[in-house]
Amino acid sequence: MSHNPAHHTAQVHWTRGDQPFTDRRYSRVHRLRFDGGLELPGSASPSVVPVPYADPAAVDPEELFVASLAGCHMLWFLDLACRAGWCVDDYADDAAGTLATDANGHLAMTRVELRPVVRFAGQRQPDADEVVRLHHAAHEACFLARSVRAEVCVRPRI
């Protein structure tokens, strides 16, 4: 199936203001704006840049990376469950990513683990094998999981 290329945008904006810069003691806090108008505070991760130059309350790129993979997987899972005739009541994922040194000696997101819990409605419930099959199919279909070099594994919590 051929698909026309889709373009997805996000805007990132940072401004120095009156803070010093060349001494590396500048805030990494910035704004993230998405095409629907939503704005979020962004920052470097405090695990990479120390507070006060990073804001632990803001969203960092590593968190966005993990959330993007978890969101893509969830959307595919919901679609595939619906097509299979299952009624999903609730889907929650406690996803986690690991920033570590890769084989080339560079920091990279080397692993993302998705740990979804899904509740289904009705008397007819999928068995564990069917849930694992749906997660596998969602993983295979996820555009973002196919787009990254990091190992992306799915660990359903059944």
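Which residues, taken from the stretch 142-158, are of a type outside the set (A, V, I, L, M) and surrounded by fewer than 15 Cβ atoms within 10 Å (Cβ to Cβ)?
Residues of the stretch 142-158 of a type outside the set (A, V, I, L, M): 142-143, 146-147, 149, 151, 153, 155-157.
Selection gives Phe143, Arg146, Ser147, Arg149, Glu151, Cys153, Arg155, Arg157.
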What number of residues within the stretch 86-111 are small (Gly, Ala, Ser) and in contact (Cβ under 8 Å) with a residue 24 or more places away in the chain? 5
Quick one: count up the residues across the stretch 46-74 that are assigned to a loop (DSSP other than H, G, I, E, B) and either touching a Cys at 6+ places or on another chain (Cβ under 6 Å) or over 20 Å from Thr15 (Cβ atoms) (or both). 5
Across (1) within 18 Å of Ala141 (Cα to Cα); (2) modelled with pLDDT under 95, Asp35 clears everything bar (1)
Among the residues of the stretch 89-110, is any assigned to a helix (DSSP H, G or I), modelled with pLDDT of 95 or more, over 27 Å from Thr9 (Cα atoms) and out of contact with any strand residue (DSSP E or B) (no Cβ under 8 Å at 6 or more places or on another chain)? no
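Tally up the residues in the stretch 25-46 that are exposed (fewer than 12 other Cβ atoms within 10 Å of the Cβ) and either under 19 Å from the mean Cα position of the chain (by Cα) or on the phi < 0 side of the Ramachandran plot (or both), please.
Count: 5.
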Count, please, the residues in the stretch 104-130 that happen to be surrounded by 14 or more Cβ atoms within 10 Å (Cβ to Cβ) and under 21 Å from the mean Cα position of the chain (by Cα). 10
Quick check on the stretch 11-24. Is at least one of its residues in contact with an Asp or Glu (Cβ under 6 Å, 6 or more places away or on another chain) and either modelled with pLDDT under 95 or surrounded by 10 or more Cβ atoms within 10 Å (Cβ to Cβ) (or both)? no
Just checking, does the stretch 130-141 include any residue being within 19 Å of Leu78 (Cβ to Cβ), part of a loop (DSSP other than H, G, I, E, B), assigned by TED's automatic domain parsing to the domain that holds Arg83 and not polar (S, T, N, Q)? no
Based on what the data block shows, is Leu32 in the same structural domain as Cys142 (by TED's automatic domain parsing) and not acidic (Asp, Glu)? no
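The values are calculated or read from the model by the stated rules, or taken from the named source; none is laboratory data. All values derive from a computational prediction rather than experimental measurement. Heads up, the Cβs are rebuilt from the backbone with ideal geometry, glycines too, and the neighbour counts pull from every protein chain shown.
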